[in-house]
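J.: After the structure tokens below, expect a handful of questions from me.
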Amino acid sequence: MATSLSFSPSLSLNTLFFAKTFPLSRSSFLPFPLPLSKSLLSLSTRRRTFAVRAASQNGADSTPAHYDFDLFTIGAGSGGVRASRFAANNGASVAICELPFSTISSETTGGVGGTCVIRGCVPKKLLVYASKFSHEFEESNGFGWRYDSEPKHDWSSLIANKNAELQRLTGIYKNVLNNAGVKLIEGHGRIIDPHTVDVNGKHYSAKHILVAVGGRPFIPDIPGKEYAIDSDAALDLPSKPEKIAIVGGGYIALEFAGIFNGLKSEVHVFIRQKKVLRGFDEEIRDFVAEQMSLRGIEFHPEESPQAITKSADGSFSLKTNKGTVDGFSHIMFATGRKPNTQNLGLESVGVKTDEDGTIEVDEYSQTSVPSIWAVGDVTNRVNLTPVALMEGGALVKTLFQDNPTKPDYRAVPSAVFSQPPIGQVGLTEEQAVQQYGDIDIFTANFRPLKATLSGLPDRVFMKLVVCAKTNEVLGLHVCGEDAPEIVQGFAVAIKARLTKEDFDATVGIHPSAAEEFVTMRTPTRKIRKTQSSEGQSGSEVKTAAGV
Amino acid sequence: MQTQNAVIPVTRLRFSSNCSIAMARKMLIDGEDGLVQGGGEEAANFDFDLFIIGAGSGGVRGARFSSNYGAKVGICELPFHPVSSETIGGVGGTCVIRGCVPKKILVYGASFGGDLEDARNYGWELNEKVDFNWKKLLQKKTDEINRLNGIYKRLLSNAGVKLFEGEGKIVGPNEVEVTQLDGTKLSYSAKHILIATGSRAQRPNIPGQELGITSDEALSLEELPKRAVILGGGYIAVEFASIWRGMGSTVDLVFRKELPLRGFDDEMRAVVARNLEGRGINLHPRTNLTQLIKTEDGIKVITDHGEELIADVVLFATGRAPNSKRLNLEAVGVELDNTGAIKVDEYSRTRIPSIWAVGDVTNRMNLTPVALLEASCFAKTVFGGQTIKPDYSNIACAVFSIPPLSVVGLSEEQAIEQTNGDLLVFTSTFNPMKNTISGRQEKTVMKIVVDAQTDKVLGASMCGPDAPEIIQGIAIALKCGATKAQFDSTVGIHPSAAEEFVTMRTVTRRVTGTAKPKTNL
């Protein structure tokens, strides 16, 4: 998941591209109703320029355009299916192309449903469910349950059941498209001009082209990289790893560490930095690593991989800047993902991409070629399924509902399905201090009722980040059981810009973990930019809180 | 202590619920003066500024907060024991000793029963029958409750509150008497008295009722019942049904109405009923018990349909009554309603201005967090210089059945009754992702009721795993009058169950203002 928001292309570039490359004679692509001059008033500067030109050109040429489709979508993942379906519901004629189904993605394989359904959110969460049981068995001992023999896990039956579920879901997605009247074409889509897509040698013309091809795991170029697996493969291994090295400190690395640890593999996580989950709240980063260590995962901070070697016994060794760890049955890289923009014909039609292949789009998801749009991971904005859905939904409003809509990226909640999981929405403490200066921090770090009985060292950490001046709750973070479920409702409150008083006025649900968020009376620390220009140190901060 | 002296100041300061804020403020200032100066010309010398009878959720909160505001506080509580009576209680009260906490511990314990079933299709190989040791769980539960009881005592002593063990009784508007364990009586004067004695489970008056138990005993049984019959359709009945069933008992749930959980949204009641049945609980709607008979095989239970059941344990979950009988309330003029609940105004003040009451004994909304709220408002009003009444709108609550139900705001039926215009009802019924592999046939149901005119979300409910944790955040939104549009503008957390609440795009039905469906559920 990328947390950086990059709204890319500059004004001049876009206008330029528009003027140069857009085949105006065929233009009726503008989603806005005529008279244009009127509807444009509400639009941004950039749009105005570009639309006014269109209007004048339109006036000069009255030939109506004819395309095979109003919208042709390349890629039937979360963003592509959402946009296609909604567009069709709005009366547009829509086609979508997608690569053949496979659990492992490549230049030639994909599948309807995309990353989320086939090799992301869904299979990942199913494996999280499966792996969590071992923790539940341990907990249940404390509640009087007893097993004659240690529960054993059968990897192959899990993977078979998981794959059956994925087949069912990809079928559902196909039905969804079919029922919406979207034409599904299997094959590799390639853009050959601003209004034409080639799929397996057949050409389809469209008023708008949407690129929603997503991203794929990326393994850095080190000696022995051919021995490494990525998350696609890790979700569909033929057998359970006995001892696995996971390289990376992001959410994918942590989720798989939890999965394999829960299924009783020996797990080592190698992270380049001191801490896991760069970009998350610092306290959450510390807390989750500590809790995961207590469950048996071994972290190797500041250890970068340099080479993988295969031993005579078939096991792998991972050489790092600090030494070599031997005896791995598997080495997994969770070192980032890259947009699937190769062989799409983007360069030839003039769609701008940045150096790692990300398609540059404006706030309306429009690329540098006005008839070509892009949503989801291929634009590397916020790489989450619900964000791709939001971008796809907003695009349909812009193109087919005369209602230019920008996705709103403020207070997008997200979760990490590590064990324990994390849920968060809004700003981290560090971001809030930077943006607002004076911040009140409320935290709770407690042993949940379940843990007092189970005797396990499980804890829950919760945090509210509050603007001292306005009392608005800017951020909310939890690490502990049920964190993702807990955060969703609070995300509504934070999106609505509610204040700490609003939280306090809400009565708790007892006994729950979530009630802690409405019963935090005393700030843990108050951070004041005005008092000292430097960030305050822990002890000073604590004194301020007591008052 | 001369009663006369004591009465004068409080009478002077008495205010009714519609009294102006200025007057109320004045009272508070006077009160504080009294504290600081140890009495003005009219102010009496009291042993305590506040004496509290009952150290449960409301009492302990009231004591601590008042003490933090500078008041000198005494509190009395009956001796500790898991099963309550006129002479047995314990610091921590119902919630800690025989309510929320032990109940939730048993719910956790019972939930593993279902988890073990779910684990198999996820590839876990378990014995056909996994052994469950009730005695071990009970011991650990008791240990935990003892620990919490100690924590509560420490909370009080850290706050500087003086704790007395014994039975409290009101002697006059400013005087309490505590009968200690050895029979000796202590007498104290107090400027304010707070009654927070809570409530106790009741038994129905049927032949053989002595063979049955209440929730107090149910939380402390020596043995796990193999066959349990539960009478009642409220949340306590439903929770114990889930607990015992989860541990493998045969459970028959007998209730008078068509559906359990009267007062909750009818649609959600039906969902709960379906889920209870799905988990193997035998439901007996529209049924009452007429008699219990002791037999060699167990307790023979006879219903008003002439049906006979055999049980090891019969649980009466037929309601609770306020603990107000032995407080001498009538004698001092504190009014009770016909159920024995103490009548109070919006500030929790009884008819006697120096006597206040919070929590279950007032039978307003019998929930721990509400008792806390009432006690906090009391402390602020009387000692904190801030007149404030509890706000009962949009208080979320949960039923810890398996799976649980949690709701906030209005049910569809309440919304129909309380609004004039049209309502939009959004529902989502889905198979939770975990069930796709476990094979469990149990749907999660979510529901939002929206005022069509204002777009305000009036009520939200959910029945399914994690419902109470999910509803808490939603409760803030409702408390602040959030609109459906604000729900829709929130991005989901994927994959979660909770994301359904922000992705309900299509209205399930529109209920017009005039069409008010009648139900006899």
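J.: Looking at the stretch A:150-172, which of its residues are over 29 Å from the mean Cα position of the chain (by Cα) and more than 7 Å from every other protein chain (Cβ to nearest Cβ)?
T.: Matches in the stretch A:150-172: A:150 only.
J.: Would you please list the contacts, defined by Cβ atoms under 7 Å and residues six or more apart or on different chains, that run from a residue in the stretch A:172-199 that is of a type in the set (S, T, N, Q) to a residue that is loosely packed, with under 15 Cβ neighbours inside 10 Å?
T.: Listed pairs, sorted by first residue: A:196/A:203.
J.: Determine if the stretch A:121-131 includes at least one residue that is surrounded by fewer than 16 Cβ atoms within 10 Å (Cβ to Cβ), touching a Leu at 6+ places or on another chain (Cβ under 8 Å) and over 30 Å from residue A:74 (Cβ atoms).
T.: No.
J.: Now a separate question. Could you give me the residue pairs with C-beta distances under 7 Å whose first residue belongs to the stretch B:492-503 and is over 11 Å from residue A:485 (Cβ atoms) and within 7 Å of another protein chain (Cβ to nearest Cβ), whose second residue is part of a helix (DSSP H, G or I) and aromatic (Phe, Trp, Tyr) wherever it lies, and which are 6+ apart or on separate chains?
T.: Final answer for the pair search is B:502/B:487.
J.: Among the strands (runs of 3 or more DSSP E) contained in the stretch A:139-218, which hold 3 or more residues that are hydrophobic (A, V, I, L, M, F, W, C) and buried (at least 19 other Cβ atoms within 10 Å of the Cβ)?
T.: The qualifying strands (runs of 3 or more DSSP E) are A:202-211.
J.: Looking at residue B:174, is it farther than 23 Å from residue A:455 by Cα and either among the hydroxyl-bearing types (Ser, Thr, Tyr) or within 9 Å of chain A (Cβ to nearest Cβ) (or both)?
T.: Criteria not met by residue B:174.
J.: While we're here: Filter the stretch A:473-498 for residues that are facing chain B (nearest Cβ under 7 Å) and within 30 Å of residue A:457 (Cβ to Cβ) and give the result.
T.: A:482, A:484, A:485, A:486, A:487, A:488, A:489, A:490, A:491
J.: Checking residue A:419 against (1) within 14 Å of another protein chain (Cβ to nearest Cβ); (2) in contact with a Lys or Arg (Cβ under 8 Å, 6 or more places away or on another chain), only one condition comes out false. Which one?
T.: Failed condition: (1).
J.: Quick check on my filter: what residues within the stretch B:119-148 are of a type in the set (D, E, K, R) and surrounded by fewer than 21 Cβ atoms within 10 Å (Cβ to Cβ)?
T.: Matches in the stretch B:119-148: B:120, B:125, B:128, B:129, B:131, B:135, B:136, B:140, B:143, B:144, B:147.
J.: Could you list all residues from the stretch B:107-141 that are part of a loop (DSSP other than H, G, I, E, B), within 7 Å of chain A (Cβ to nearest Cβ), out of contact with any strand residue (DSSP E or B) (no Cβ under 7 Å at 6 or more places or on another chain) and more than 11 Å from residue A:146 (Cβ to Cβ)?
T.: B:122, B:126
J.: I've got another one for you. Please go through the stretch B:325-354 and give me each residue that is buried (at least 23 other Cβ atoms within 10 Å of the Cβ) and touching a helix residue (DSSP H, G or I) at 6+ places or on another chain (Cβ under 7 Å), ordered by number.
T.: Result: B:342, B:344, B:348, B:354.
J.: Among the residues of the stretch A:424-435, are any touching a residue at least 12 places away in the same chain (Cβ under 8 Å), at the interface with chain B (Cβ under 10 Å from one of its Cβ atoms) and touching a Ser or Thr at 6+ places or on another chain (Cβ under 9 Å)?
T.: yes
J.: Sticking with this structure for a sec: Of the conditions (1) in a helix (DSSP H, G or I); (2) out of contact with any helix residue (DSSP H, G or I) (no Cβ under 8 Å at 6 or more places or on another chain); (3) not hydrophobic (A, V, I, L, M, F, W, C), residue A:343 satisfies every one except a single condition; which number is it?
T.: Only one criterion in (1) in a helix (DSSP H, G or I); (2) out of contact with any helix residue (DSSP H, G or I) (no Cβ under 8 Å at 6 or more places or on another chain); (3) not hydrophobic (A, V, I, L, M, F, W, C) is unmet by residue A:343, namely (1).
J.: In this structure, does residue A:87 turn out to be facing chain B (nearest Cβ under 7 Å), surrounded by 23 or more Cβ atoms within 10 Å (Cβ to Cβ) and assigned to a helix (DSSP H, G or I)?
T.: For residue A:87, the condition - facing chain B (nearest Cβ under 7 Å), surrounded by 23 or more Cβ atoms within 10 Å (Cβ to Cβ) and assigned to a helix (DSSP H, G or I) - is not met.
J.: If you go through the stretch A:234-282 one residue at a time, how many are surrounded by fewer than 20 Cβ atoms within 10 Å (Cβ to Cβ) and in a helix (DSSP H, G or I)?
T.: Summing the residues that are surrounded by fewer than 20 Cβ atoms within 10 Å (Cβ to Cβ) and in a helix (DSSP H, G or I) in the stretch A:234-282 gives 1.
J.: Criterion first (surrounded by fewer than 16 Cβ atoms within 10 Å (Cβ to Cβ), more than 9 Å from chain B (Cβ to nearest Cβ) and at pLDDT 95 or above) does residue A:501 satisfy it?
T.: yes
J.: Considering only the stretch B:386-393, I want to know if a residue exists there that is closer than 26 Å to residue B:496 by Cβ and among the aromatic types (Phe, Trp, Tyr).
T.: no
J.: Would you call residue A:108 surrounded by 24 or more Cβ atoms within 10 Å (Cβ to Cβ) and among the hydroxyl-bearing types (Ser, Thr, Tyr)?
T.: Judged against the criteria, residue A:108 is not a match.
J.: Of everything in the stretch B:79-106, what is closer than 16 Å to residue B:221 by Cα, more than 7 Å from every other protein chain (Cβ to nearest Cβ) and either surrounded by fewer than 19 Cβ atoms within 10 Å (Cβ to Cβ) or not small (Gly, Ala, Ser) (or both)? Give them in sequence order.
T.: Selection gives B:81, B:82, B:83, B:97, B:98, B:102, B:103, B:106.
J.: Look at residue B:445 and say whether it is in a strand (DSSP E or B), within 27 Å of the chain's Cα centre (by Cα) and more than 14 Å from chain A (Cβ to nearest Cβ).
T.: Considered against the rule, which asks whether it is in a strand (DSSP E or B), within 27 Å of the chain's Cα centre (by Cα) and more than 14 Å from chain A (Cβ to nearest Cβ), residue B:445 comes out as yes.
The values are calculated or read from the model by the stated rules, or taken from the named source; none is laboratory data. What you see is a predicted model, and the numbers here were worked out from it, not measured in a lab. Please note: Cβ atoms are built from the backbone with ideal geometry, for glycine as well, and neighbour counts cover all protein chains shown.
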